[in-house]
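A.B. asks: Okay, handing you the structure first.
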Amino acid sequence: MSGLDQPKPFVPLSIAVLTISDTRDIAEDKSGALLKERIESAGHKLTVRALVKDDVKSIRAKVKGWIKDKKIDVVITTGGTGFTGRDVTPEAVRPLFEKEIEGFSTVFHMISFAKVGTSTIQSRACAGLSHGTYIFCLPGSPGACKDAWNDILKWQLDNRHRPCNFVEIMPRLEEHRRTG
């Protein structure tokens, strides 16, 4: 059964949030602000928050730098997952994935379908792992970010969530790189 193992102590994660937009700045970034609020109210640490334009090189460089930063456990991007010519987040980030978390997209679309119906197919939300860092690429709408956080990430980024969660396997994510 799904739920929280309340007696277990909470393990806060360090999370970076990247907004991808050609039309907003940090002051106008409702989705990034929503994620910041949810991350902090859950007890995690917002390590850094930034905004870049819809440009493959800029997005990839920022995410790659955060993957290399061992103080960052999770990267969440918002924006650029649609179909317009400027929506390039999956193209920028997927090449960095060592493993894709296909189930994230599936569950995200199930949740989204219940709220926006078939319009969910216009999102290319995705997630993966790279060098021990979780990466989640969310749509740019505050509603989609709220759904992804409240219904997926809040639980999977909480070490007390049962029957399993992403936090408890973090020590094993890099075991293939260890010699011995």
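A.B. asks: Work out, step by step, the length gained on full extension between LYS30 and ARG178: first 0.36 nm times the residue separation, then minus their alpha carbon distance; give nm to one decimal.
C.D. replies: Going from the current span to full extension adds 49.2 nm.
A.B. asks: Answer rounded, prolate or oblate for the stretch 59-133, using the Cα gyration tensor with square roots of eigenvalues a ≥ b ≥ c: rounded when a/c is under 1.5, else prolate when a/b is larger than b/c, else oblate.
C.D. replies: Cα axes put the stretch 59-133 in the prolate bin.
A.B. asks: When the helices in the chain are scored as -39500 (n - 2.57) per DSSP H run of 4 or longer and the sum is shared across all residues, what 222 nm value do you end up with, to the nearest 500 deg cm²/dmol?
C.D. replies: Helices in the chain give a 222 nm mean residue ellipticity of -8500 deg cm²/dmol.
A.B. asks: Probe radius 1.4 Å, ligands and nucleic acids ignored: give me the carbon and sulfur share of the accessible area of the stretch 28-121 as a rounded percent.
C.D. replies: The nonpolar share, carbon plus sulfur, comes to 57 percent.
A.B. asks: Where does the charge balance sit around ASP151 when Lys and Arg score +1, Asp and Glu -1, over other residues with C-beta under 12 Å from its C-beta?
C.D. replies: +3
A.B. asks: Suppose all protein chains stay in the model; what accessible area per residue would a 1.4 Å probe give for the chain, in Å²?
C.D. replies: 51 Å²
A.B. asks: Moving to a separate point now. Quick check: from the Cα gyration tensor, does the stretch 98-140 come out rounded (a/c under 1.5), prolate or oblate?
C.D. replies: prolate
A.B. asks: I'd like to know how the stretch 1-98 sits against the 2.2 N^0.38 Å rule of thumb: what's its Cα Rg over that expected value?
C.D. replies: 1.19
A.B. asks: Tell me the relative contact order for the stretch 1-145 as a rounded percent, counting alpha carbon contacts under 8 Å between residues six or more apart.
C.D. replies: It rounds to 26 percent for the stretch 1-145.
The values are calculated or read from the model by the stated rules, or taken from the named source; none is laboratory data. Please read these numbers as outputs of a predicted model, since none were measured by experiment. Because the Cβ atoms are built from the backbone with ideal geometry, glycine has one as well, and the counts that use them run over all protein chains shown. Side chains are part of the model used for accessible areas, which takes the heavy atoms of the whole protein and leaves out ligands, DNA and RNA. Shrake-Rupley method; radii C 1.70, N 1.55, O 1.52, S 1.80 Å.
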